């Protein structure tokens, strides 16, 4: 798993770790100029202004108080990043049926994430039902159907243009009646700036709770890591509309700004639970903050 994370962060570490390494060789005493360069590197990796300034303030204070080696600076950097990211939080299907609603804008890899997540539960021996809650795009249902066939799980579809909330409601009722362990509901890839679509998303969450007390057990927001700060803006709007329980950061292997995970966690306090690191069905990993920071700072060494 660590190798996959390290490989996914390769573009970020090429920019981040190599730059840090050239600025602060481990045995070198840090100067004010070095710290300025570290600040530039952190900002360019999208770690976020608040976290960057906390790191820089401590480096500056420690340097002013005496000698600070590159090794000490790396430890400070790692500690701050881990403090922000917190403890790992896994998705545990401890209810039956366990209901997951997946949200996000078009193009983030939402449908692919659902397929990969379904495979994971299937491999654990669970009976999985996908709910095609995106009824506005015929292609969306087709894509979900392809994934259902690929990983060997069932799918519940409504009529084209059917009310998405009713599709999710019926899927949960079907799961209760037929002994499914997990329901994963797709939703329309809505523009987070469209108020009526966000209201519809609220309705889906409400209706899920009417179909099954306590549902949904997870509301996962899928964010494309390559969008950087725009992904943070999306997350803020979704979090204002529905109770997001976790984030899925996709396309981590396609960006040099993998530090966005830190910025999102810091800003919203919502845990990152999964990361997408490739196209294969098994390329959806539990997010482990320690492995992430190790790969980010040490470049996988």
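How much length, in nm to one decimal, is gained on full extension between residue 197 and residue 124, taken as 0.36 nm per residue of separation minus their Cα-Cα distance?
On the way: separation 73, 0.36 × 73 = 26.28 nm, distance 3.42 nm.
Contour length minus the Cα-Cα distance gives 22.9 nm.
With labels modelled as points extended 7 Å from the Cα through the Cβ direction, what inter-label distance (nm, one decimal) is found for residue 150 paired with residue 37?
4.3 nm
Just from its helices, what would the mean residue ellipticity at 222 nm be for the chain, if runs of 4 or more DSSP H residues each count -39500 (n - 2.57) and the sum is divided by every residue, rounded to the nearest 500 deg cm²/dmol? Before the final figure, lay out the partial values.
Numbers: 13 runs with 158 residues, N = 301.
Helices in the chain give a 222 nm mean residue ellipticity of -16500 deg cm²/dmol.
Could you list log10 I(q)/I(0) for the chain at q = 0.07, 0.12 Å⁻¹, which the Debye formula gives when each Cα is one point scatterer?
Listed by q, the Debye log ratios stand at -0.30, -0.76.
Could you tell me how many degrees, from 0 to 90 and to the nearest 10, lie between the Cα long axis of helix 229-241 and the main elongation axis, the longest principal axis, of the Cα atoms of the chain?
50 degrees
Relative to the longest principal Cα axis of the chain, at what angle does helix 70-85 sit, 0 to 90 degrees, rounded to 10?
20 degrees
Measure nothing but the geometry: give the 0 to 90° angle between the long axis through the Cα atoms of 110-123 and the longest principal axis through the Cα atoms of the chain, rounded to 10°.
Its long axis makes an angle of about 80 degrees.
Using only C-alpha positions, report the orientation-averaged shadow area of the convex hull of the range 179-301, nm², one decimal.
Mean projected area for the range 179-301: 8.8 nm², to one decimal.
How far is it, in nm, from the label point at residue 60 to the one at residue 137 when both lie 7 Å from their Cα along the line to the Cβ?
Between residue 60 and residue 137, the simple spin-label model gives 4.5 nm.
Pulled fully out, how much extra length does the chain show between residue 75 and residue 237, if you take 0.36 nm times their separation in residues and subtract their Cα-Cα distance?
Result: 54.9 nm gained on full extension.
Where a number appears in this text, it was derived from the coordinates with a stated rule and is not lab data. Not measured: the values here are computed from a predicted model. We place every Cβ from the backbone using ideal geometry, glycine too, and count neighbours over all the protein chains shown.
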